[in-house]
Amino acid sequence: MIWKEMEDYVRIFDTTLRDGEQCPGAAMSEDEKVEIAGHLARMKVDIIEAGFPVSSPVQFKAVERIAREIEGPTICGLARALRPDLEAARDALKPAKSKRIHTFIASSPIHMKHKLGKSPSEVLEMARIAVRMAKDFVPDVEFSPEDATRSEWEFLRELVEVVIEEGATTINIPDTVGYTTPQEYMDLFRFLKTKVKGADKVIFSAHCHNDLGLAVANSLATVLAGGRQIECTINGIGERAGNTAMEEVVMALKTRKDTFGVETNIDSTLITRGSHLVKTITGMVVQPNKAIVGANAFAHESGIHQDGVIKNRQTYEIMTPESVGLKSNRMVLGRHSGRAGFKDRIIRMGFDPKPEEIDNAYNRFLEIADKKKEVFDEDIAALFQSEISRSQVDETYRLISFEQNTGSDKTPFAKVNLQIKGETKVGEAKGDGPVDSIFKAISVVTGLSPLLSRLVISPVTEGTDAMAEASVTLEDGERRVVGKGDSTDIIEACAKAYINALNRL
């Protein structure tokens, strides 16, 4: 990556694949990580933090694949201030044309004492050695003093000076526990930029968590104080309450350029597509009133609002739906819509379909169109993403049909017909509820009973005939997989998700 050296340019450092994946239930497979990384590259993010290579062989391999297959962004690997971590990051990043090692060590009194058991002088020396070693491996080194916003400012100044002397190129000041406020964070950035020797040689970066709901506000505040990199995730996923939401930061900087006076390189028309991709892969539901990418973000129900938008969209829309990859009006397709119109809609929504994916998705579309009156963009995106997910795994098991019998005074009962390598088999089971009974019936047929650690069901659109998406997380020993399914029938969506997960196992 050849950095834009303009003072009015903010780098977008996406950590969806690293910090975002640390969100409970958001684990991704190697292929899914590569798929998301590919979309991030198309969005033109500057840096992709691909993972934490030393943490597991799976993480190492995923980072290595992204480094080899994804071109455009700088590929970054996380490493503690320890030799094994740094060497693992170096090795995983070898194939990348542009690479960065991001190393960190705790700097707050509470972290140094209770987590590290180290004195401030020991932390200074560990940071010095780590950055020196990382600099021997790659020219681009980022350093983070963990829990910076609860650190003593003078110690932070000394620590940052030490790593700049050793060659760090980016200094990240993380609000690790979501503790700071915009004014306080701005003041800290200004202090470091004016008091640190060599501050003019590096880029200062913000990495915020959303524990107090201030992650985006805090990140934007640093731009006003001279910060020129923001670390974020798609949909704001991440540990605890999440990270800074990339889509919110990007659109805030774009919409309020009069205030911030900076720009990013992000292709904002791919935001909605990226949001749906991450939602589908992780099973993390996006709340309807979520800024930028929520289902209601560009919806107007109030008569006063509708009247204003009809007369002039700017009365109630500060940005256009088109700017984030939506159409101004939700396109409605029905059973009489042809294959050509369906394909055109898929392409307009940002997908790059293969012929077989179009065929399978169109057949699914016709099934759904027979069950519900109107098929919206959100339905189409969900079913097409589902077809892509299915095409990535061999379908050892396939749902043919199912029967369900339940009621307030009945023990739920399910019967399923599965196709297993061309042979149809039947299974029956009772359970604690409709979903439990159908999962047990599937287990009877397949002979597999992995641990179900997570089930998420969410509507794609509104109404009683809305299509539902289900996400199932299964664990079998050390293996952990996520399966997806969708249908206008919630039970069928769950069954499809469970079977998709079994196929991944």
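The DSSP beta bridges internal to the range 11-282 are antiparallel in roughly 5% of cases.
With each label modelled as a point 7 angstrom along the Cα→C-beta vector, the K97-K201 pair spans 2.9 nm.
Give the shape of the range 56-101 as rounded, prolate or oblate, defined through the alpha-carbon gyration tensor: a ≥ b ≥ c are the square roots of its eigenvalues, a/c under 1.5 means rounded, and otherwise the shape is prolate if a/b is larger than b/c and oblate if not.
Note, shape of the range 56-101 comes out oblate.
Between D432 and Q22, the FRET efficiency estimated from the beta carbon spacing at R0 = 30 angstrom works out to 0.45. Per residue, the accessible area of the chain comes to 44 Å², computed with a 1.4 Å probe over protein heavy atoms only. For L214, what is the net charge nearby, where nearby means another residue's Cβ is under 11 Å from its Cβ and Lys, Arg count +1, Asp, Glu -1? Neighbour charge sum, excluding L214 itself: -3. Where a ≥ b ≥ c are the square roots of the eigenvalues of the C-alpha gyration tensor, would you call the range 394-505 rounded, which needs a/c under 1.5, or, failing that, prolate if a/b is larger than b/c, or oblate? Verdict is rounded for the range 394-505.
Counting only protein heavy atoms and a 1.4 Å probe, tell me what percentage of the range 11-282's accessible area is made up of carbon and sulfur.
Ligands and nucleic acids excluded, carbon and sulfur give 52 percent.
Dimensions of the range 26-179 along the principal axes, based on C-alpha atoms and rounded to the nearest Å, stand at 42, 32, 28, largest first.
Summing Lys and Arg as +1 and Asp and Glu as -1 over all other residues whose Cβ lies under 10 Å from the Cβ of R132 gives a net charge of -1. Take every DSSP beta bridge whose two residues both sit in the chain; close to 50 percent of them are antiparallel. Rg ratio for the range 11-282: its Cα radius of gyration over 2.2 N^0.38 Å, N being its residue count, equals 0.92. Per-residue Karplus couplings for the range 340-345, computed as 6.51 cos²θ - 1.76 cosθ + 1.60 with θ equal to phi - 60°, are listed in order as 5, x, 5, 4, 4, 5 Hz, Gly and Pro entered as x.
At a Förster radius of 51 Å, what calculated FRET efficiency corresponds to the Cβ-Cβ distance of I110 and K354, to the nearest 0.05? Between I110 and K354 the formula returns 0.45. Between E122 and E71, the modelled labels are 4.7 nm apart [label points 7 Å from Cα along Cα→Cβ].
Residue by residue, the range 115-127 carries 3J(HN,Hα) couplings of 9, 8, x, 10, 7, x, 5, 5, 5, 4, 5, 4, 5 Hz when phi is fed to the Karplus relation 6.51 cos²θ - 1.76 cosθ + 1.60 (θ = phi - 60°); x denotes Gly or Pro. Each residue of the range 213-221 was assigned a 3J(HN,Hα) from its phi angle through the Karplus expression (A = 6.51, B = -1.76, C = 1.60, θ = phi - 60°), giving x, 10, 4, 5, 4, 5, 4, 5, 4 Hz with x at Gly and Pro.
Placing a pseudo-label 7 Å from each Cα along the Cα-to-Cβ vector at N417 and N265 gives an inter-label distance of 5.5 nm. Legend: residues K430, K97, sorted from most to least accessible area (1.4 Å probe; ligands, DNA and RNA excluded), read K97, K430. For F413, the solvent-accessible surface computed with a 1.4 Å probe is close to 60 Å², ligands and nucleic acids excluded.
One decimal place: the segment K61-T320 gains 89.3 nm when fully extended, by the rule 0.36 nm per residue minus the C-alpha distance. Quarter the surface of the alpha carbon convex hull of the chain and you get the mean projected area, 25.8 square nanometres.
The values are calculated or read from the model by the stated rules, or taken from the named source; none is laboratory data. Source: prediction; values computed, not measured. So basically every Cβ, Gly included, is an ideal-geometry build from the backbone, and we count neighbours across all protein chains shown. Ligands, DNA and RNA are stripped out before the accessible areas are found, and what is left, the full protein with its side chains, is counted by its heavy atoms. Shrake-Rupley method; radii C 1.70, N 1.55, O 1.52, S 1.80 Å.
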